Amino acid sequence: MQGPESKGLEVRGLSKHFGGLTVSENIDLDLPPGARKALIGPNGAGKSTFANLVTGILPPSSGTIRFDGEDISALNEPARVRRGIAKTFQITTLFPSLSVRENIRMPVIERKRLGYSMLRAANGDAGTEAEVQTLIDQFELGPLAERPVDSLAYGQQRLVEMALTLALKPRVLILDEPAAGVPSSETHLIVEAIERLPKDLAVLVIEHDMDLVFRVANSIIVLVAGQILTEGTPQQIAGDARVRELYLGGAHG
Amino acid sequence: MGRFVPLILLAVAVGLYFLLPYNLAFLTRILIMVLLVLSLDLVLGYAGIATLGQAAMYGAGAYAAGLFAIHVWADPLAGLVAGAVAGAILALVSGLVILRAQGLTVIMLTIAVAQICAEIANRARDITGGADGLRGIRMDPVLGLFEFDFVGQVGYWYALIVVAVIFCFLMVLGRSSFGLSLRGIHESPARMGAIGVSVYWRRVAAYTIGGAIAGIAGALTAQITQLVSLETFAFVLSAEALIMLILGGTGRLYGAAIGTFVFMWAHHTAASNDPFNWLFVIGAMVLAVVFLLPKGLISMPAALTQIFKGGRDAGT
């Protein structure tokens, strides 16, 4: 089914109910290669649920998710990761006592399907080590590489989080609140890291920090009560009266 | 420093042979127990699977090796393979079910599996000898050269070499990609799923390998004592193995060896000095270690360094 041009991720009519509670309703979303989209919305709008539906952590109640034309709605999380759909966590979920280098080595090993290799040392593969070093350099983590990640500042941990996810060589990357909990003095690190992501990677940023969203996304989707309210360029969204009300009138009223 | 510890342990094991030539049966029991606790370290210390039923695979290996020697072939090494296969199969089959569960349920299920095995061995009298135990095991010489003797010299060397080989295998495994992934699962299963790992299958693999090693430990018991009893499945055995591992320290392999040695030595000494109150000594020792050295005896050098330097995080 895979055509000469990759179609990326296509979500159609995606819904999720928990009992009688609808958290996602009839969501359509396209994420072609190179996309830089952001998903915003008030607390409880169903942003994280949507991310979990796309990555396969939650099964959808109805609707389809296609990736390069293939229906992946029924696949579990590991299977989707192997096809190239990856997500960073809202709350940093690293391997706390392992070093930065070991943290980043882990996904490289798994992507290369070496996870069941029992007799060769984990750091014994030159190709893997070179790749790990490249990621460490890309995120400027060199001086911290041998330190356990739980000894790092939170902003640095967020960078490890992104490096770890990028090590999977994903084609679709979902960043779930990449700047959550990061002091504003360190937010620029996150923005710069997002700007340095590979150009053909499809990126969806879920974020509260409007400043960050406007700097990294060229298309913004507004989610309210599980439904898409509107989608448009940052200028359109900034000028939309309903969105202004949500963020200025409603929230601070 | 850690890399020299296995060599020191090996030297101690060789030295004890010459120091205590009349206690070889006891020393051999320690070696076999070290192997069981090592298998537990792989399952619990590395893969993070909470189990109180490691004796199930130990018992399966013991009965398999005993029956294999009686009915098929009395070669010791072939018997070890039989024990490993039995332990691995039991771990695989039970692990497929057990590892679907989480937390306390896992512990309960591991206990249940060992109990079921004990009951099967008890009921199948015609095959296993039931409560009388499996008797009549007569082993051929090891490699056709070394006959098992009354004093237990051959038994001791045989067990020591088997334990050393498996210790080395586990050291290699711990540093491999597979070992790293087990540490990853231990620290953050959610993240392992997010990097494309089926945590379930990875755990099943670790549990199966642990089962094979426990099976080898059981096979050694059967071959060296020439008897297999229902006690090989006992809950107490699983529980003591866990205490020994926690005493020594998890996830380091040599912690398993040190914990087992200290526990069994203390047990032996206390029980022979005071047959009525020895449990008190064991209990006090475990309490002291858990409170003062939460990471086990292997963390004692670091703790002492800290006390004498008087500083915090000296040198990191």
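The values are calculated or read from the model by the stated rules, or taken from the named source; none is laboratory data. Note that the structure is predicted; figures quoted are calculated from it, not measured. Reconstructed Cβ throughout: ideal geometry from the backbone, glycine too, with neighbour counts over all protein chains shown. All accessible areas refer to the heavy atoms of the entire protein, side chains included, with ligands and DNA or RNA removed. Shrake-Rupley method; radii C 1.70, N 1.55, O 1.52, S 1.80 Å.
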Residues whose modelled amide H sits under 5 Å from the amide H of B:L134, counting only those 5 or more places away in sequence or on another chain, are B:V228, B:S229
The protein assembly as shown: C-alpha gyration tensor shape, a/c 1.5 cut-off, then a/b vs b/c
prolate
What list of ³J(HN,Hα) couplings, whole Hz, do you get for the stretch B:92-107 from phi and the Karplus terms 6.51, -1.76, 1.60, once you set θ to phi - 60° and write x for glycine and proline?
5, 5, 6, x, 4, 8, 4, 7, 6, 8, 10, x, 4, 4, 4, 4
For the stretch A:6-22, 3J(HN,Hα) per residue [Karplus equation, 6.51 cos²θ - 1.76 cosθ + 1.60, θ = phi - 60°, Hz, x = Gly/Pro]:
5, 8, x, 9, 10, 10, 10, x, 6, 10, 9, 10, 10, x, x, 8, 9
Could you work out the local net charge near B:I185, counting Lys and Arg as +1, Asp and Glu as -1, over the other residues with Cβ closer than 10 Å to its Cβ?
+3
proj_area_mean for chain A (convex hull on C-alpha atoms), units nm², value 15.1 nm²
Residue by residue through the stretch B:201-213, the couplings from Karplus 6.51 cos²θ - 1.76 cosθ + 1.60 with θ = phi - 60°, in Hz, x for Gly and Pro, are 5, 5, 5, 4, 4, 5, 5, 5, 5, x, x, 4, 5
Local electrostatic count, A:A74, Cβ distance below 15 Å [Lys/Arg +1, Asp/Glu -1]:
+3
Give me the percent of accessible area attributable to carbon and sulfur for the stretch B:5-309, probe 1.4 angstrom.
71 percent
Whose amide H sits under 5 Å from the amide H of A:K87, counting only residues 5 or more places off or on another chain, with H placed in the peptide plane?
A:I174
Probe 1.4 Å, heavy atoms of protein chains only: per residue, the accessible area of the protein assembly as shown in Å² is 45 Å²
In the stretch A:2-99, GluC sites (Glu not before Pro) in a DSSP loop with at most 13 other beta-carbon atoms within 10 Å
A:E5
Restrict the search to the stretch B:127-205; then list the trypsin sites (Lys or Arg not before Pro) that DSSP places in a loop and that have at most 15 other Cβ atoms within 10 Å of their Cβ.
B:R135, B:R138
Gaussian network model of chain A, Cα springs within a sub-10 Å range: biggest mean-square fluctuation belongs to which of A:I40, A:I57, A:I206?
A:I57
Three-way shape call for the stretch A:141-219 based on the alpha-carbon gyration tensor, with the a/c threshold at 1.5:
oblate
Among the listed pairs A:K16/A:K47; A:K16/A:K199; A:K7/A:K37; A:K47/A:K112; A:K16/A:K112, those beyond 23 Å (Cα-Cα)
A:K16/A:K199; A:K47/A:K112; A:K16/A:K112
To the nearest 100 Å², how much accessible surface do chains B and A hide from each other in total, with a 1.4 Å probe?
2400 Å²
If amide hydrogens are placed 1.01 Å from N in the peptide plane, which non-local residues have theirs closer than 5 Å to the one on A:N26?
A:L14, A:S15, A:K16
Could you tell me which of rounded, prolate or oblate describes chain B, using a ≥ b ≥ c as the square roots of the eigenvalues of the alpha-carbon gyration tensor, with rounded for a/c under 1.5 and, failing that, prolate when a/b is larger than b/c and oblate otherwise?
oblate
Is it possible to state the helix-based mean residue ellipticity at 222 nm for the protein assembly as shown, with each DSSP H run of 4+ residues giving -39500 (n - 2.57), the sum divided by total residues, to the nearest 500 deg cm²/dmol? What is it?
-17000 deg cm²/dmol
per DSSP, antiparallel bridges as share of beta bridges in the protein assembly as shown, % nearest 5, sits at 60 percent
Please compute the average number of Cβ atoms from other chains found within 10 Å of each residue's Cβ in peptide B:198-207.
2
